[in-house]
Amino acid sequence: NAGVTQTPKFRVLKTGQSMTLLCAQDMNHEYMYWYRQDPGMGLRLIHYSVGEGTTAKGEVPDGYNVSRLKKQNFLLGLESAAPSQTSVYFCASSPLTGANYEQYFGPGTRLTVT
Amino acid sequence: EDQVTQSPEALRLQEGESSSLNCSYTVSGLRGLFWYRQDPGKGPEFLFTLYSAGEEKEKERLKATLTKKESFLHITAPKPEDSATYLCAVQAGGDTGRRALTFGSGTRLQVQP
């Protein structure tokens, strides 16, 4: 049981380049989230999904797109990277049912845009 | 707008020196307050969920408490391996669709031997 995994772990992009970050979870969770973490700030929600085939915007969605074609995978895309997108990106998942709505996080992807 | 403020930003303790971390929050109807631990270069690791004022939860040297305006994470006789950043987050009761978390910026704890 690997939990939540993310690939790649590190990436350096030039301004204007594109890339996709992959998140996979093996806990059969319905909810999946993408956050970014910047120094001195809390994690901020970019996009989220409440189930396969559904996505929605979070607090800071501009410049990002997402897709959830399979329940276990949640992809985050940057179409034209900007230096302001330099950050650490975390994926998380959460079950649909149950009293506890805690989210389980992946190890993160450190992205640098030059 | 939901808001979470953690203090202090950083805390240095000697091994065995107990202390508390604070998390103040404003939220439109609290569904849950969450504590996470984050080690350098890793993702947040879930510690506790608290749901209502007066609730307490314990795990080894950590004890989390909750009031209507704040939560405390008490660390008793800490060890160097407790060194990490501790994150607090809230989930609004009305946010049944997203179940999103609003995070504080964390407290960096360093425990020296």
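FYI, it's all coordinate maths here, none of it is from the lab. If you're wondering where the values come from, they're calculated on a predicted model, not measured in any experiment. Note that each Cβ is placed from the backbone with ideal geometry, even for glycine, and that neighbours are counted across all protein chains shown.
Within the straight-line cut-off of under 23 Å between alpha carbons, the lysines reachable from residue A:71 are A:9, A:57, sequence neighbours fewer than 8 places apart in one chain being disregarded. Using a cutoff of 8 angstrom between alpha carbon atoms and counting only pairs six or more residues apart, the relative contact order for chain A works out to 35 percent. What separates the Cα centres of region A:55-108 and region B:28-54 is a distance of 18 Å. Comparing A:41, A:19, A:27 in a Gaussian network model of chain A, where Cα atoms under 10 Å apart are tied by springs, the biggest mean-square fluctuation is seen for A:41.
Taking each residue in A:59-67, count the Cβ atoms of any other chain within 10 Å of its Cβ, then average. What number comes out? Write down the numbers at each step before the final one.
Details: counts 2, 0, 0, 0, 0, 0, 0, 0, 0.
Whole-number average of other-chain Cβ neighbours for A:59-67 is 0.
Note on the protein assembly as shown: Rg/Rh from Cα positions, Kirkwood definition for Rh, rounded to two decimals, is 0.97. For residue A:15, project a label point 7 Å along Cα to C-beta. Then give me every residue of region A:44-69 with its amide nitrogen under 18 Å of that point. So the set is A:63-64. In summary, the lysines within cross-link reach of residue B:68, defined as a Cα separation below 25 angstrom excluding same-chain residues under 8 places away, comprise B:57, B:59. Considering Cα pairs under 8 angstrom that are at least six residues apart, work out the relative contact order of region B:3-112 and quote it in whole percent. Computed value for region B:3-112: 38 percent relative contact order. Residues of region A:41-80 falling in the label zone of residue A:22, defined by backbone nitrogen less than 19 Å from a point 7 Å along Cα to beta-carbon, are A:52-53, A:65-79. The residue among B:80, B:5, B:112 whose Cα reaches farthest toward the positive pole of the charge dipole of region B:3-112, with charges on the beta-carbon of Lys, Arg, Asp and Glu, is B:5. Taking 7 Å steps out from each Cα toward its Cβ at residue B:69 and residue B:51 produces label points 2.6 nm apart.
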